[in-house]
């Protein structure tokens with residue numbers, strides 16, 4: 001659901017089984033009887049044919065081991081100040097490991113040799129943030145206990161490996177640690193469902209692990225997800241708040257912790273539309289607080305002076321700055337679109353660009369400290385790379401220098417195994433006129449074709465990403481599909497991030513409207529350019545993309561007066577919501593629903609929410625769809641898939657439902673992912689070559 005529907009992502013998508021048996025030795029799925037009673041659980045029991053890690057699409061065998069376990073490292077979290085990097089080693093269990101960057105120096109980094117910090121299996125729980133507390137050799141974690149997003153603060157001792165829960169709240173948005181490591185500010189939200197009671201600013205003393213409530217939010221100014229920062233003297237705390245809960249009116253605020261009656265002081269312009277600002281770590285000259293915001297339509301760098309209490313815009317890029325860090329040489333930042341990235345060094349006092357380097361793919365800054373920066377790069381043909389840059393400040397007539405070392409990358413042999421797509425960037429026209437150009441609007445997309453296409457044209461399918469498409473990065477799902485000989489089309493439909501605030505907001509209050517019509521135009525483009533028939537073109541996605549998949553297959557043509565539809569051949573939806581109102585009532589992000597769809601307390605908007613719900617139009621489902629969901633999902637409750645599966649089944653529609661016990665918004669663990677991929681290929685095989693009924697006997 002844009003990046004505002006955010007949690008750690010490893011999306012999964014699948015479909016409901018058809019009546020015929022799969023063409024290989026996979027075990028049959030249980031029938032979705034559970035949703036009718038609301039108490040049962042459908043177990044994913046597909047087994048891989050031909051040996052561990054192998055799945056099959058018709059006569060083509062795909063070894064999943066290189067894709068899922070060839071480079072089993074991810075979720076890198078670096079702290080250059082302390083010289084530590086934390087990451088997961090992913091397999092059947094997710095193990096948290098720690099690498100000493102000072103010992104590793106300029107690399108290459110030995111990830112396999114890094115020690116584990118505990119015996120906790122993080123595939124069974126969520127971990128959203130890590131802070132290394134050097135004085136006590138302890139990690140402070142933003143985590144839950146069982147993949148249910150009941151997020152709290154925990155400590156993990158690096159000496160004993162002991163994990164302890166420190167806070168007991170319904171949900172903590174985020175936390176921040178003071179520069180002297182003595183205090184932690186955090187924002188707990190009270191209440192398990194909307195409308196939530198309140199959110200309060202708390203400050204915890206690290207030594208005693210005791211906390212005090214400083215103040216709570218109000219109806220006018222709601223506290224929310226934030227990058228929380230302390231002032232250098234620990235007097236003030238800075239974080240984000242939403243005006244009346246509106247995600248498009250986010251303000252940076254300050255609270256004086258030493259005031260007798262602390263109050264919220266709004267720092268940014270209340271009149272400007274703004275979403276997802278980010279405060280950087282560190283201060284300039286002990287006074288300037290730097291932050292990223294999109295007041296002018298793109299995410300740029302701003303400075304707030306504590307002395308003058310004024311804000312200045314430092315950069316004016318026409319691409320979003322996605323990440324940045326303060327170094328001795330200046331602010332090291334990345335501005336990019338899904339077409340490519342530019343690394344820049346910016347003078348934090350003047351905003352002058354001191355140097356830049358263009359890179360293909362998607363670059364991001366992990367951390368920066370003094371003269372070093374750790375940054376990552378991904379592309380459709382680059383699984384992941386980590387680079388350590390040494391920066392030299394430069395002089396009056398000399399730009400800052402950059403010496404870059406690749407410290408993490410894939411061996412060439414493994415890269416050849418898992419990069420199975422040939423990526424082509426294309427633009428696809430859609431139905432409306434772009435007011436900025438006066439021409440027909442075009443959507444950015446990547447077409448990912450298999451390096452080894454299938455010989456039988458009937459077995460060739462194309463899968464269109466329903467949402468979160470257009471990313472200039474490696475996708476395991478896409479490359480496994482390419483390994484099977486299938487094509488993936490990944491478009492950035494309206495509402496996608498990366499092209500500025502205006503494009504990002506095109507589907508606000510239009511959830512399930514024109515963003516779905518964009519998919520129809522992408523599908524017609526695929527017919528014309530890939531030589532496929534509608535029954536060979538499907539749509540897939542997870543979360544917002546799971547909803548969009550269900551919506552695309554049940555879309556009423558009269559929506560928005562477009563009189564448009566497309567008969568997709570199939571769909572795969574993971575963790576999608578089927579009823580917008582019930583999703584609003586149960587989810588932990590109701591403000592996202594209000595932004596994207598409307599306020600259910602307003603009759604007209606409630607009526608639109610009902611009409612935009614796939615459950616309302618389940619009778620329109622004609623093409624087979626596979627639904628998957630984790631039973632512990634609190635972001636999109638599991639009942640959203642259960643109810644759609646039950647309704648479709650009762651209507652005799654082609655639907656299959658698979659529930660994963662104990663899993664949250666994402667399906668984790670090597671074995672479960674292997675089962676998922678075989679399930680996908682069983683389904684897609686049936687789509688490409690459906691079983692024919694037996695021929696009638698003579699005389700019948």
Residue exposure sequence - 408, 166 - by fewest surrounding Cβ within 10 Å: 166, 408
Cα-based radius of gyration of the range 273-379 once divided by 2.2 N^0.38 Å, which approximates compact folds: 1.01
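According to the Kirkwood expression over distinct Cα-Cα pairs, how big is the hydrodynamic radius of the range 335-446, in Å?
After inverting the mean inverse Cα-Cα distance, the result is 16.8 Å.
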Nearest 10 degrees, 0 to 90: helix 639-650 Cα axis against the chain principal axis: 10
Cα→Cβ-extended label distance, 7 Å offset, between residue 110 and residue 524, nm: 5.9
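Give the order of 509, 581 when sorted by the count of other beta carbons within 10 angstrom, beginning with the fewest.
On the way: 509 14, 581 17.
Going from least to most buried by this count: 509, 581.
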Principal axis dimensions, the range 580-700 - Cα atoms, whole angstrom, descending: 63, 40, 20
Directionally averaged shadow of the range 603-654, computed from the convex hull of its alpha-carbon atoms, nm²: 4.2
Calculated FRET efficiency for the pair residue 162/residue 414, C-beta based, R₀ 35 Å, to 0.05: 0.45
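Using only the Cα atoms of the range 48-206, build the gyration tensor, take square roots of its eigenvalues as a ≥ b ≥ c, and label the shape rounded, prolate or oblate: rounded if a/c is under 1.5, else prolate if a/b is larger than b/c, else oblate. Display every interim value, and only then the final one.
Values: a/c = 2.77, a/b = 1.40, b/c = 1.98.
The shape class here is oblate.
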Per residue convex hull volume, Cα atoms of the range 172-276, in Å³: 100
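Return the Rg/Rh value of the range 429-522, two decimal places, where both radii are evaluated on C-alpha atoms and Rh is the Kirkwood radius.
Working: Rg = 14.9 Å, Rh = 14.4 Å.
Answer for the range 429-522: 1.03.
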Nearest 10 degrees, 0 to 90: helix 670-688 Cα axis against the chain principal axis: 40
Principal-axis tilt of helix 514-530 within the chain, Cα atoms, nearest 10 degrees: 60
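Once you have the alpha carbon radius of gyration of the range 491-626, what is it after dividing by 2.2 N^0.38 Å, with N set to its residue count?
Details: Rg = 14.6 Å, N = 136, 2.2 N^0.38 = 14.2 Å.
Here the Cα radius of gyration is 1.02 times the empirical estimate.
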Percent of Cα-Cα distances greater than 20 Å, calculated over the range 67-159: 35
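Taking the Cβ-Cβ separation of residue 403 and residue 270 as r and a Förster radius of 41 Å, what is the calculated FRET efficiency to the nearest 0.05? Let's see the in-between values first.
Details: r = 44 Å, r/R0 = 1.08.
So the FRET efficiency works out to roughly 0.40.
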Distance histogram in 10 Å bins (all Cα pairs of the range 560-637, percent per bin): 16, 43, 34, 7
Ranked list, fewest to most other Cβ atoms within 10 Å of each Cβ, for 516, 667, 464, 279: 279, 667, 464, 516
Structure-based [θ]222 nm, the chain - -39500 (n - 2.57) summed over DSSP H runs of at least 4, per residue, nearest 500: -4500 deg cm²/dmol
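Over all distinct Cα pairs, what is the inverse of the mean 1/r for the range 106-189, reported as the Kirkwood hydrodynamic radius in Å?
Working: mean 1/r = 0.0720 Å⁻¹.
After inverting the mean inverse Cα-Cα distance, the result is 13.9 Å.
Taking the convex hull of the alpha carbon atoms in the chain, what volume per residue do you get, in Å³? Please report the intermediate quantities before stating the final value.
Numbers: hull volume 117.0 nm³, N = 700.
Dividing the Cα hull volume of the chain by its residue count gives 167 Å³.
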Residues residue 60 and residue 424, FRET efficiency given R0 of 35 Å [Cβ-Cβ distance, rounded to 0.05]: 0.95
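Read-outs: derived from the displayed coordinates by stated rules, not from any lab. These figures come from a predicted structure and were not determined experimentally. Counting neighbours? That spans all protein chains shown, and the Cβs are built from the backbone with ideal geometry, glycine included.
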